[in-house]
Amino acid sequence: MSQKHQKQSYQPLPTAAAMDNPAMSQSSSSGVSSRNGSREDVANLAPIGLPATYSSQQLMPSDSDSMEEERHRLRPPHPSGDHIMPHPAVPLRLSAVRGSEWFVVSTLCFVNLINYMDRFTIAGVLTDVRDDFKIGNDQAGLLQTVFVISYMVCAPIFGYLGDRYSRPWIMAVGVALWSTTTFLGSYMQDFGWFITFRALVGIGEASYSTIAPTIISDLFVSDMRSKMLAMFYFAIPVGSGLGYIVGSKTAHLANNWRWALRVTPILGVIAVLLIFLIKDPPRGHSEGSQNLEATTYKQDICELLKNRSFMLSTAGFTCVAFVAGALAWWGPSFIYLGMKMQPGNDDLVQDDVAFIFGVITMMAGLIGVPLGSFLSQFLKKRYPTADPIICAFGLLLSAPLLTGACLLVNGNSAGTYVLIFFGQLALNLNWAVVADILLYVVVPTRRSTAEAFQILISHALGDAGSPYLVGAMSEAIMKHLQKNPGDSGLSTEMESMSQVVETTTITVKGLIEEGAAKLADTLSLTAEKRAGEFSEVVQFEGLQYALFSTSFVEVLGGIFFLITACFIIKDRQKASQDAASQQQPPRREQNVA
């Protein structure tokens with residue numbers, strides 16, 4: 001019988017793998033004390049019905065997937081110190097991804113797309129909303145703020161649930177909630193009720209955003225995870241752009257801005273049905289971790305607070321959220337006001353501006369998010385600290401580009417759109433890379449909590465306040481310019497023009513008096529307006545000065561990411577070690593001789 005077994009093909013395995021061999025455990029109980037016992041000792045096991053399997057050998061894998069897994073197992077350690085041992089079923093290349101895994105990723109990308117479509121539909125019709133409810137810039141910004149506040153407050157709750165219960169069920173309930181509240185909110189005629197339903201939308205979206213990235217992390221590992229996260233996160237800028245386009249064009253076709261809010265709920269019903277078909281993978285499955293034991297919520301929070309790479313990258317991402325929120329909410333309105341000041345643009349329609357802004361946002365996302373992921377995969381092989389450096393570079397490059405767009409908007413339309421495109425492209429380098437940083441510096445059983453914690457911080461100090469803050473700053477600046485017309489940049493240009501007129505027409509007394517009268521009327525136009533009414537020139541300058549604050553925030557975010565680079569290697573090593581220490585060995589049945 002032993003000869004029969006000796007005819008089979010064997011392949012050496014690492015010693016650690018041999019320790020899990022049942023035959024070896026039996027041989028130990030039969031008196032074989034040495035791990036490398038002789039063939040005679042092992043052959044003695046044949047009479048009791050056990051195959052003659054040597055402690056350092058195993059049957060050779062017969063399929064290509066196992067060979068690929070074995071090659072990955074023998075790969076030398078990464079310079080960052082990340083020693084991930086992937087599960088044999090985890091694909092290591094695109095051609096190995098199974099249909100079920102493509103279905104999961106496609107569904108999550110679709111839901112993320114309509115998620116951000118819904119979030120920025122109102123921004124595409126903001127002027128109509130403001131006119132309908134008769135509100136100012138501060139209250140218009142408050143619409144986005146209350147949404148994000150409810151979103152960030154509920155995120156930790158869903159993060160806790162996502163680490164412990166069925167993730168597809170939680171996502172399905174959340175998507176159904178925000179679809180329903182968005183649809184009902186479109187019928188609210190009172191601003192108080194309308195803003196209440198916008199807050200309820202945030203609760204539903206929080207359930208999805210905290211959980212979806214963790215499902216991708218449990219299906220893929222290393223470069224494949226980065227690729228799939230890039231697919232997931234490029235839906236953010238693309239969905240935002242579609243929100244402007246669908247919102248503005250639907251409102252234009254229906255001649256009512258409220259119909260713009262009734263498109264995404266229909267797509268939400270489809271998303272719920274697709275989510276129910278998703279199978280929830282075991283937590284830590286992609287890293288080959290099995291039976292991971294979750295820690296208490298208090299311990300999770302304490303460990304996250306001590307994780308320097310996570311906290312610093314979260315601070316940097318908060319700056320990204322601040323800029324993205326302010327630009328997405330006020331961008332179309334600001335560009336419209338600026339371009340309307342250009343000669344020949346008196347008949348400019350805001351729907352057209354929102355459409356172009358949406359297309360630019362989509363294109364910047366389609367290129368920027370995959371580009372950030374590609375740079376991460378390419379550079380991280382040689383430079384383990386490449387991820388936070390890429391994020392810092394994106395923010396520091398975006399700051400001067402967006403500042404230039406703010407300065408150029410009332411003089412050159414084409415130049416403004418070009419600067420906005422490249423500014424958003426640089427900003428979009430961050431999305432997939434920041435998500436990847438979180439997933440490899442945090443253990444699998446803590447990732448939903450970490451996602452929720454990052455959402456809470458980044459939105460609380462980022463895009464929850466930036467739309468309202470920019471709106472409130474613009475209101476204060478507009479009131480100042482109304483009381484002090486001489487502080488307006490336009491008034492200075494007019495004074496210079498009047499000096500030219502006086503020197504060139506000094507001999508024509510009548511023309512001088514006429515020009516001076518027109519100049520006086522222009523300068524006093526804003527001051528004579530009633531409180532709360534501002535000219536388009538003053539509205540433009542108020543938003544322009546307020547949006548300059550985003551450039552400072554971008555530089556601050558770049559600094560946070562540069563500091564993150566100092567700790568990223570050590571924290572990644574610690575996450576791998578903690579995951580190994582949490583792993584509980586499977587129970588084995590005792591062999592009875």
With x for Gly and Pro, the residue-by-residue ³J(HN,Hα) of segment 360-368, computed from phi through the Karplus equation 6.51 cos²θ - 1.76 cosθ + 1.60 at θ = phi - 60° and given in whole Hz, is 4, 4, 4, 5, 5, x, 4, 8, x
What trypsin sites (Lys or Arg not before Pro) does segment 232-284 have in DSSP loop regions with at most 15 other beta carbons within 10 Å? K279
Rounded to the nearest 10 Å², the accessible area of M231 using a 1.4 Å probe with every protein chain kept is 60
Just report the Cα centroid separation between segment 405-467 and segment 124-154, whole Å. 20
Solvent-accessible surface ranking, highest first, for L375, L407 at 1.4 angstrom: L407, L375
Could you report the accessible area of C406 in Å², rounded to 10, computed with a 1.4 Å probe on the protein chains as they sit in the structure? 20
Applying the gyration tensor rule to the Cα atoms of segment 359-408 (axes a ≥ b ≥ c; rounded if a/c under 1.5, else prolate if a/b exceeds b/c, else oblate), the class is oblate
In nm, the gap between the two label points placed 7 Å beyond Cα toward Cβ at T296 and A96 is 4.1
For segment 325-411, which trypsin sites (Lys or Arg not before Pro) pass both filters: DSSP loop (anything but H, G, I, E, B) and at most 16 other C-beta atoms within 10 Å? K381, R382
Can you compute the modelled spin-label distance between R382 and M363, with each label point 7 Å from Cα toward Cβ, in nm? 3.1
In Å², nearest 10: area of E536 left accessible to a 1.4 Å probe: 80
Please turn the phi angles of segment 369-382 into ³J(HN,Hα) values with the Karplus equation 6.51 cos²θ - 1.76 cosθ + 1.60 (θ = phi - 60°), one per residue in order, whole Hz, x for glycine and proline. 5, x, 5, x, 5, 5, 4, 5, 5, 6, 7, 5, 5, 9
Two pseudo-spin positions, 7 Å from Cα along C-beta at S535 and at F374, lie apart in nanometres by 4.8
Taking Lys and Arg as +1 and Asp and Glu as -1, residues besides F393 with C-beta under 15 Å from its C-beta add up to -1
Pop the C-beta distance of Y160 and V272 into the FRET formula with R0 = 22 Å and round what comes out to the nearest 0.05. 0.50
Peptides 161-172, 298-309, 452-463, 208-219 ordered by average Cβ neighbours within 10 Å, highest first: 208-219, 452-463, 161-172, 298-309
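The values are calculated or read from the model by the stated rules, or taken from the named source; none is laboratory data. Bear in mind that the values here come from a model prediction, so they are computed numbers and not experimental data. So basically every Cβ, Gly included, is an ideal-geometry build from the backbone, and we count neighbours across all protein chains shown. These area figures cover heavy atoms from the full protein model, side chains too; ligands, DNA and RNA do not enter into them. Shrake-Rupley method; radii C 1.70, N 1.55, O 1.52, S 1.80 Å.
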